[in-house]
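Rule-based calculations on the coordinates, nothing more; no lab input. Bear in mind that the values here come from a model prediction, so they are computed numbers and not experimental data.
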Amino acid sequence: MASLLIRNLDDAAVARLKARARRHNRSLQGEVKSILESEARTAKTRPGQPGRRELKIHTVNIPTRATWSRSEIYDDNGR
C-alpha cells in the first residue's frame, strides 16, 4: 500500500480537517484517506485517455494568500 506525505499544509486547513474527522468519528489520517479514496473512486475518465481517471481536488479558502515557488512545491530533497 502506498504512502503519501503532504508538506506545508496550512494550520487552518488542518484544524478544519480535524473538526471534520471528529464529526465522522475518525482520526485525521482516516478522514484524509477517506476523502482521497472517495474522490479517486468517483473521478471521471478523461476523454481520449482510456484507463486514466481525473482526480477532482477541492481547495480550501484560507484568510491569507500563501505563495510558494515551484521548487518549494516540487522539491523532493534529493529523494
What list of ³J(HN,Hα) values in whole Hz, one per residue of region 6-14 in order, does the Karplus curve 6.51 cos²θ - 1.76 cosθ + 1.60 (θ = phi - 60°) give from phi, with Gly and Pro shown as x?
-> 10, 9, 6, 6, 4, 4, 5, 5, 4
Value in Å of the Kirkwood radius, where region 1-46 supplies the Cα pairs that are averaged | 11.8 Å
